[in-house]
Amino acid sequence: MAQIEQSDGGKKKKGAQKKMHIHVDFTPMVDMNMLLITFFMLCTTMIKSQTLSIALPAPPDPNQERTQDNSETVAETKAITLIIDSERDKDGNIVTDADGNPNDVVYYYFGFEPTIDENKNVIFGGEGFKVDNTVKAEKFIGNDGSATQGIRRVLHDRNAQVLEKLESYKDQWRRGKITEEEFQNIAREVRNDSTFTTRPQVTVKATPQASWQSVISALDEMQINQISQYRIGSFTPTDSLLIVDYKRRNPAE
Amino acid sequence: MGKIKVKRKSTLIDMTAMSDVTVLLLTFFMLTSTFLQKEPTQVVTPPSVSTQKIQMSNVAQVLVATSEDDKDTPKVYLSVTGEANPDIPEDNPGAWGSENLRKEILKNAVALYMEAGGKDPGITNDDIEKFAKVATFGVPISKMHEFFSLDQTKQDEWLSDLDRADSGIPLVNYLATKELDASGNPVKTNEFQIWMRAIFNATPYDEALQTLNFKMRKTGEGIAVKADRGTSFNTVNKVLENLRTIKMNKFTVMTALKSENE
């Protein structure tokens, strides 16, 4: 293939030139191409990164009298507050378990914020409180088969009405009866359906040492559990007292 | 005895076919590849179940990095991408490619900076041309001219040296806008906010063209915040609060895909 033969038609004429073989060696060409391919393979990013949309509350209007920060009213029976904390060693590196997952802890309570007395003791409950607001802790451990666990189970149970209703649509989508787009539209409607009485309103807070990853994990849980009402709140001294109190009540094994 | 003739076989392997295949492969990789962007530091984005795709055109990426010694102060670098296939380059800024867009942004930023009380940074036309070519930038505006007078390698070194105080866009509020707050004092601002405003003002609001302005104001897809998974939320939040202050409270954050069994 790489040689050019000069045919002389089978007959030898007098004075005709000798039959010539021109052979081009392609080996260096292949070598060079291989090098270039290697270069391009190493330099390309085949996986495009994904994005996650976040909407923070609009900034306070400077012309208006500054009202209280937590002016948004959250119904006591619906409210869940998550305080996310990441364990870090003394160099500031995140402590991970054997599988390489970070040791994030999610402290949470339902209802109103527990009150702090003048001696900095935490008092749970109170007059007229309908919901037990004891601080508990869970972890991001995802699913075990089809059963939810950790913080996901807590959120899943609270949002059971929405999730139950969506389950039948999800089944239809899996069987191909409705398209993904249709399912997403239905899901959006169901998520925002205010007739559900137990639809949770979640406030996500993070301690100063909490990692970016743990906050994203928390926002993921909102998506997984179809929770439409959540916001990122700011971490207050009360929150840190709650964590200290929790650790005192539940010393690590 | 007659000699046994051993037929001599040529050891030459014809490489033409092989060459054909490699050239085809090479063409494929050249056409499909998008090069890794040169960034001051490598960050590993946090995993998330979100499957929303990253915007390839008309997007401003905010890279949040920290130096080894000071993990609480965010270092911010910006990179702006314009329209991938600019077709009306002259009269419609909404359809501008990256280079034209960046020129406009730098001019806007310098104007805003001087309006807010900053000293004339002395940026020349040459600097503007150079600025249009770089993907990621992140030095104080006052050092911009000095930065672009250096050669490429020195510029990269400057940006990647996170311990340098003048690497990264300053988030310190030292400038003052014309706006007044409730008590009549001018609202403080910083260079990061100036840059974000300059990016926002560079394009018109146009839904059909999906301009950067539209994406920043309406959907939030025009801003992509990229931070390392290990960075503390406190640090990232400082940047997010700055975005919130200038009413850019809708944005996206860059994540890596995580598969989640349901």
Sole miss for B:LEU240 among (1) more than 16 Å from B:ALA65 (Cα to Cα); (2) modelled with pLDDT of 85 or more is condition (1)
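Every residue, every condition in (1) crowded, with 19+ Cβ neighbours inside 10 Å; (2) away from chain B (no Cβ under 14 Å), yes or no:
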position: A:ILE178; (1), (2): no, yes
position: A:PRO200; (1), (2): yes, yes
position: A:THR207; (1), (2): yes, no
position: A:TRP212; (1), (2): yes, no
position: A:TYR230; (1), (2): yes, yes
| Hey, B:SER79 closer than 26 Å to B:ARG102 by Cα and modelled with pLDDT under 85 or not | no
So, first residue under 15 Å from A:MET41 (Cα atoms) in the stretch B:5-31, second residue open to solvent by 50 Å² or more (accessible area, probe 1.4 Å) and part of a helix (DSSP H, G or I), Cβ within less than 7 Å, six or more apart or across chains; the pairs are B:THR22/A:MET34; B:LEU26/A:LEU36; B:PHE29/A:MET41
Please verify whether the stretch A:87-104 includes one or more residues that are outside any loop (DSSP other than H, G, I, E, B), modelled with pLDDT of 80 or more and under 30 Å from B:ASP70 (Cβ atoms). yes
Counted residues in the stretch A:196-253 being under 14 Å from the mean Cα position of the chain (by Cα), more than 17 Å from A:SER53 (Cα to Cα) and in a helix (DSSP H, G or I) come to 0
Residues of the stretch A:141-157 being facing chain B (nearest Cβ under 10 Å) and small (Gly, Ala, Ser), in sequence order, are A:GLY142, A:GLY145, A:SER146
Residues of the stretch A:238-249 being closer than 17 Å to A:ILE84 by Cβ and either loosely packed, with under 15 Cβ neighbours inside 10 Å or among the hydroxyl-bearing types (Ser, Thr, Tyr) (or both), in sequence order, are A:THR238, A:SER240, A:VAL244, A:TYR246, A:LYS247
Hey, any hits in the stretch B:188-196 for a residue that's free of Cβ contacts under 8 Å to residues at least 40 places away in the same chain and either at negative phi or touching a His at 6+ places or on another chain (Cβ under 9 Å) (or both)?
-> yes
Only one of B:GLU157, B:GLU207 is acidic (Asp, Glu) and within 19 Å of the chain's Cα centre (by Cα), namely B:GLU157
Checked B:PHE251, B:PHE233 against criteria (at pLDDT 90 or above, closer than 21 Å to A:PRO59 by Cβ and either under 17 Å from the mean Cα position of the chain (by Cα) or not β-branched (Val, Ile, Thr) (or both)); the one match is B:PHE251
> open to solvent by less than 20 Å² (accessible area, probe 1.4 Å), modelled with pLDDT under 80 and not aromatic (Phe, Trp, Tyr) - does that describe any residue in the stretch A:135-158?
Replying inline: yes
By residue number, the members of the stretch B:40-56 that are facing chain A (nearest Cβ under 7 Å), within 24 Å of B:GLU241 (Cβ to Cβ) and either in a loop (DSSP other than H, G, I, E, B) or open to solvent by 10 Å² or more (accessible area, probe 1.4 Å) (or both) are B:THR45, B:PRO46, B:SER50, B:GLN52, B:ILE54
Requiring at least 1 residues that are surrounded by 16 or more Cβ atoms within 10 Å (Cβ to Cβ) and facing another protein chain (nearest Cβ under 8 Å), the helices (runs of 4 or more DSSP H) wholly within the stretch B:145-262 are B:233-245
Report task. Kindly check whether there is at least one residue in the stretch B:57-79 that is part of a strand (DSSP E or B), surrounded by fewer than 20 Cβ atoms within 10 Å (Cβ to Cβ) and within 11 Å of chain A (Cβ to nearest Cβ). Result -> no
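The values are calculated or read from the model by the stated rules, or taken from the named source; none is laboratory data. Note that the structure is a prediction, hence the values are computed from the model and not measured. Note that we place each Cβ from the backbone using ideal geometry, even for glycine, and neighbour counts take in every protein chain shown. For the accessible areas, the whole protein counts, side chains as well, though only heavy atoms, and no ligand, DNA or RNA atoms are used. Shrake-Rupley method; radii C 1.70, N 1.55, O 1.52, S 1.80 Å.
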